[in-house]
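Visitor: Pasting a structure below so you can have a look.
The values are calculated or read from the model by the stated rules, or taken from the named source; none is laboratory data. Quick caveat: nothing in here was measured; it's all calculated off a predicted structure. Neighbour counts run over all protein chains shown; Cβ positions are idealised from the backbone, glycine included. Surface accessibility is based on the protein's heavy atoms, side chains included, excluding ligands, DNA and RNA. Shrake-Rupley method; radii C 1.70, N 1.55, O 1.52, S 1.80 Å.
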Amino acid sequence: MVTENELREIENGLIDIIDEGISASELEKQIERFKVGFEPTKLERACTLNDGIYRIKFDEKDELLGCFESAAAEGRFSKFVPASGAATRMFKHLLAKMNGEELSENDAEMVQTFMDLLPVFPFYAELMESMKAAGVDLEEAYAAQDYELILEFLLTEKGLNYSSKPKGLIPFHRYEDGYRTPFAEHIAEAVAHIKDRRDRVKLHFTVAPEHEDSIREHIGDVVAKYPDCRFDIEFSRQDRKTDTVAVDLNNEVFRIESGKILFRPAGHGALLDNLHKMRGDIVFLKNIDNVVPDCEKEDTIEYKKLLGGLLVRIQDQIFECLNMLENHHCSEFEVAAVAIFAVAHLSMQLPENFTQMSLDDKISMLRLRLSKPVRVCGMVRNEGEPGGGPFWVNGPDGFISLQIVEKSQVDLNDSQQASIVRSATHFNPVDIVCGMRSHRGEWYNLKNFIDPETGFISVKSRNGRELKAMELPGLWNGSMADWITVFVEVPLSTFSPVKTVNDLLKDEHRK
């Protein structure tokens, strides 16, 4: 329990708590969580093809595309893009070079590659204009290899200030009429697959408050290029109430130089509230930096439609099952058919004594297990990308279930668990379709389906002082742990993230 001294510390920080919108009781829970920590996720095995991962068959594509097109025409689809992240990490190696820091061999090579190929980047013309406005000739600076000067104009307020902009506003692809940012590519992608019969396109972007005005202005310019479409675009911010307190290594609240308690954003899991408030019917979820130019969109659009069509089909089947179970005259045969569907198509595990249960108990259990939001998650072949993947996981209820798990959730010091992680054949590209309504047409309260034990604590630093930070269960990890989950293999061509600016040199981004 929290000690008297810690409660006094909390009381001394009440003004900070009020400013942040976090209650004293919630702060007390957070401090206690730092003390007890989070139990590692227990992996049963990695998901593989036909063991947790489904491959869409060629002869069912037409059916799934038909399911998708019908739902799209009705305006059931929308798109949710977490876009509040800054581009700082994207330019990390260039910032280090500009600041005269010692570079690792890999970073030095990346910097040299960037400078050697600078003219091919889509922002070259914009950089040239920025330097010209300040009376500096980019080509002359480039010929003189004055890299620090060029980087100052690229990354700081002296010029384009890219390192402080949101990643969604950085030019990613060059076209004949200029360039496109990730925001522009997401809009183009949405127009290509979720436009309804009234030419309406619905998107939702999460943004940082300091960038909202510039993002709105940019998106206004982008949508003006689609005069035949009606755009319904929403913006939201990460609620400060979802921030978590930082503590020192002794689990005492961490105070900054002014004496105020330090609160930190709690990771993308905090955006579950934004997704919930969006009130979408069927929502595509995708990261801001996973976009390709038009000439590379064919596979992406096809599999977006296939995943969406599969979700519609599965959701229709679940709704049919629930309506059947709610029929007062539901028979043993019908209950058995529902159970077979749940096991065979939804990868649900039922208790060993299920067949011995009474009919009413079977119905109650199946209704409970099927009355949940649904997600269909695209999975790509593992090519060594960092991040999470699909696993069979031992849950607190004693059943195994399909989960997306990050390495940070697993005890890699456990040789058996580490071996399971290494055996993973597929990777999570964050290509998810979410069904958020019940069979009665009501929106699920997404907070009811979180596994609160899947957050994690990490050690970070601020101005040379170490601190412990806590992240909430991830948006597609613990925050969706109790959803009905279906994993589907998708082509690697649908996954083209830009984590560093040098990724823009890959073939798929330069065509």
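Visitor: From the mean inverse distance of alpha carbon pairs (Kirkwood) and the Cα radius of gyration, derive Rg over Rh for the stretch 91-171. Present the calculation step by step, with values, prior to reporting the outcome.
Guide: On the way: Rg = 12.1 Å, Rh = 12.9 Å.
The Rg/Rh ratio comes out at 0.94.
Visitor: Greater than 32 Å separation of Cα atoms is the criterion. Which listed pairs, K97/K202; K167/K241; K241/K286, meet it?
Guide: Long pairs (Cα-Cα over 32 Å): K97/K202.
Visitor: Write down, largest first, the equivalent ellipsoid semi-axes of the stretch 344-401 in whole Å, where each equals the square root of 5 times an eigenvalue of the alpha-carbon gyration tensor. Let's see the in-between values first.
Guide: Values: eigenvalues 187, 33, 18 Å².
Over the Cα atoms of the stretch 344-401, the ellipsoid semi-axes are 31, 13, 9 Å.
Visitor: Another one. Quick one: pull the percent of accessible area on the stretch 352-509 belonging to carbon and sulfur, 1.4 Å probe, ligands and nucleic acids left out. Before the final figure, lay out each step's value.
Guide: Numbers: 3210 of 6860 Å².
With neighbouring chains kept in place, the figure for the stretch 352-509 is 47 percent.
Visitor: Just the number please: accessible area per residue for the chain, 1.4 Å probe, all protein chains included, in Å². Provide the component values of the computation, followed by the final result.
Guide: Numbers: 23960 Å² over 511 residues.
It amounts to 47 Å² per residue over the chain.
Visitor: Highest mean first, what order results for 250-261, 283-294 on Cβ atoms within 10 Å? Write out the running numbers ahead of the final one.
Guide: On the way: 250-261: 13.5, 283-294: 21.9.
Result, highest mean Cβ count within 10 Å first: 283-294, 250-261.
Visitor: Could you sort H218, H426 by their accessible area in this structure, using a 1.4 Å probe and putting the largest first? List each step's numbers first, then the result.
Guide: Details: H218 40, H426 5 Å².
The ranking, largest first, comes out as H218, H426.
Visitor: Cβ neighbours within 10 Å, averaged per peptide: list 338-344, 298-304, 55-61 in order, most packed at the top. Working shown, then result.
Guide: Details: 338-344: 16.1, 298-304: 18.1, 55-61: 10.9.
Per-residue mean Cβ counts within 10 Å order the peptides as 298-304, 338-344, 55-61.
Visitor: Let me ask something additional. Just to be sure I understand the rule: take each whole DSSP H helix in the chain, project its Cα atoms onto its long axis, keep it if the span is 15 Å or more and its mean Kyte-Doolittle hydropathy is at least 1.6. Which ones pass?
Guide: Numbers: long enough: 24-36 (18 Å, -0.77); 61-73 (18 Å, 0.21); 105-116 (16 Å, -0.76); 182-193 (17 Å, 0.31); 212-223 (16 Å, -0.46); 298-325 (41 Å, 0.16); 332-346 (20 Å, 1.69); 359-370 (16 Å, 0.07).
Qualifying helices: 332-346.
Visitor: Something else about it: Grab the beta carbon distance between L412 and D228, set R0 = 60 Å, and tell me the FRET efficiency rounded to 0.05. Don't skip to the end; give the middle numbers.
Guide: On the way: r = 52 Å, r/R0 = 0.86.
Efficiency, rounded to the nearest 0.05: 0.70.
Visitor: Give me the aspartates and glutamates in straight-line cross-link reach of K158: C-alpha distance below 16 Å, same-chain residues under 8 apart excluded.
Guide: E126, E129, D137, D146, E148
Visitor: Shifting gears a bit: In vacuo Debye scattering of the chain, one point per C-alpha: log10 I(q)/I(0) at q = 0.07, 0.08, 0.09 Å⁻¹?
Guide: The calculated log intensity ratios at q = 0.07, 0.08, 0.09 Å⁻¹ are -0.44, -0.58, -0.73.
Visitor: Largest first, how would R440, R76, R240 line up by accessible area (1.4 Å probe)? Walk me through the numbers before you get to the answer.
Guide: Working: R440 145, R76 50, R240 120 Å².
Highest to lowest solvent-accessible surface, that is R440, R240, R76.
Visitor: Quick one: Cα centre-to-centre distance for the stretch 396-435 and the stretch 347-390, in angstrom?
Guide: 15
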